[in-house]
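What follows is one structure encoded as structure tokens, with my remarks underneath.
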Amino acid sequence: MNRHKKHHRRRDGVRLSAAVTLCLAASLLLFSRAGGEPLARQAVAALAGNTGFVARAVALELGLSPSHAEIYTPRTAASARSETAADPQSESTYLPQENPNDAPVLSAADRAATVTINNETSYPVDVEACLSANTTIRAQGDGPQVLLFHTHGSESYTPDAAFPYTPTENERTTDTRYNVVRVGDELQKVLEAHGVQAVHIREIFDSPTYSGSYDRSLAAIEQTLAQYPSIQVVIDLHRDSILTDDGQAYKTACTIDGTPMAQLMFVVGTDDGGLTHPDWRSNLNYITGLQYRLNRTYPGLMRPVNLRTQRFNQHARPGSMLVEVGSSGNTMTEALAAIRLFGQVLANDLTGA
């Protein structure tokens with residue numbers, strides 16, 4: 001998948017670091033061609049493990065100040081996950097949120113400064129315009145308002161003392177006590193404690209066969225929406241995966257009110273991949289507003305919104321979202337702590353509290 005970078009980032013403050021980085025790279029190349037290839041390879045390997053050097057390289061690429069370039073080293077091909085992939089893959093590239101703004105803000109321009117959209121599509125997207133649309137969804141009438149399900153329900157977390165288990169493969173298990181279905185149980189409990197009724201599909205769609213899981217989950221979504229027309233919001237809960245090439249798992253983490261927890265991320269689908277999804281911009285507007293409220297209530301909980309070419313079954317109903325709850329490096333304990341805060345904000349948003 002082609003990755004479309006945003007072009008509005010400034011590169012002020014990184015010129016000196018970028019120049020040093022480029023000069024060093026050029027020197028290594030010349031040294032290698034002059035017969036010092038083994039030593040050059042050793043030097044490159046050492047630099048790859050030097051977070052300061054990597055930070056400056058990332059700053060050069062992203063236009064960030066090196067002091068703000070928090071370094072994780074995920075596999076870059078991870079962002080090319082396909083909806084029809086035959087095998088599980090890492091799901092995203094980690095981009096930490098910078099300096100969440102907890103000052104009172106009112107205007108769309110000020111609010112836009114607190115929200116980041118990582119745009120992997122060919123479409124132009126303006127955060128301020130998304131927020132200015134003021135797209136909201138409210139609970140209406142009687143009956144369930146939220147549908148929870150898991151296209152990749154076998155996704156699980158790093159075992160800990162509170163949730164010990166043996167993964168079947170690659171941090172996956174069909175035991176719903178230890179996979180992302182357990183996170184859905186917790187979110188349902190939080191929503192209903194705040195007066196929002198929810199339906200939870202606990203079926204595992206990605207086992208024993210991973211390929212076709214989106215087709216199977218779509219059939220379940222459509223059946224449930226027909227059964228409960230009162231549903232306003234549809235949530236596909238996932239667990240992200242961020243791996244190095246040697247298989248080391250990273251976690252997305254924050255600490256809120258003294259409690260360590262996973263970070264969450266909205267993945268928003270579009271029709272850029274060729275599949276029908278006419279309402280994706282309205283859906284993005286809604287998610288952007290919800291992201292703003294989450295950022296204001298619990299700064300640091302949310303990673304930037306990830307806008308993708310795939311549609312992820314989000315054409316089934318306006319108000320659809322995919323939420324990555326932590327990564328395989330997180331524990332279930334961290335995931336549950338995060339989803340409780342998410343559920344509180346979502347419930348308040350739906351009820352207008």
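The values are calculated or read from the model by the stated rules, or taken from the named source; none is laboratory data. From a predicted model like this one, the values you see are computed outputs, not experimental measurements. Using ideal geometry, Cβ is built from the backbone for each residue, glycine included, and neighbour counts are taken over all protein chains shown. SASA here: full protein model, heavy atoms, side chains in, ligands and nucleic acids out. Shrake-Rupley method; radii C 1.70, N 1.55, O 1.52, S 1.80 Å.
Rounded to the nearest 0.05, what FRET efficiency do Asp215 and Thr259 have when you use their Cβ-Cβ distance and R0 = 35 Å? Walk me through the intermediate numbers first.
On the way: r = 38 Å, r/R0 = 1.09.
After rounding to 0.05, the efficiency reads 0.40.
Report in % the part of the accessible area of the range 164-246 that belongs to carbon and sulfur, leaving out ligands and nucleic acids; probe 1.4 Å. All intermediate terms of the calculation are to be shown ahead of the outcome.
Details: 1680 of 3760 Å².
So the carbon and sulfur contribution to the accessible surface is 45 percent.
Sort largest first and round to whole Å: the equivalent ellipsoid semi-axes of the range 205-353, each the square root of five times a Cα gyration tensor eigenvalue.
The equivalent ellipsoid of the range 205-353 has semi-axes of 25, 21, 15 Å.
May I ask you to give the percent of accessible area on the range 256-353 that is carbon plus sulfur, with a probe radius of 1.4 Å? Could you put the intermediate results ahead of the total?
Values: 1220 of 2570 Å².
Carbon and sulfur together cover 48 percent of it.
Which FRET efficiency, nearest 0.05, do Asp126 and Ser230 yield, Cβ-Cβ r, R0 35 Å? Before the final figure, lay out the partial values.
Working: r = 33 Å, r/R0 = 0.95.
About 0.60, to the nearest 0.05.
Under a crude label model (7 Å from the Cα following the beta-carbon direction), how far is Asn134 from Gln248 in nanometres?
4.9
Explain nothing, just compute: Karplus ³J(HN,Hα) = 6.51 cos²θ - 1.76 cosθ + 1.60, θ = phi - 60°, for every residue of the range 217-224 in order, whole Hz, x for Gly and Pro.
5, 4, 4, 5, 4, 4, 5, 6
So what's the gap between the Cα centers of the range 227-256 and the range 128-171, to the nearest angstrom?
The distance from the Cα centre of the range 227-256 to that of the range 128-171 comes to 7 Å.
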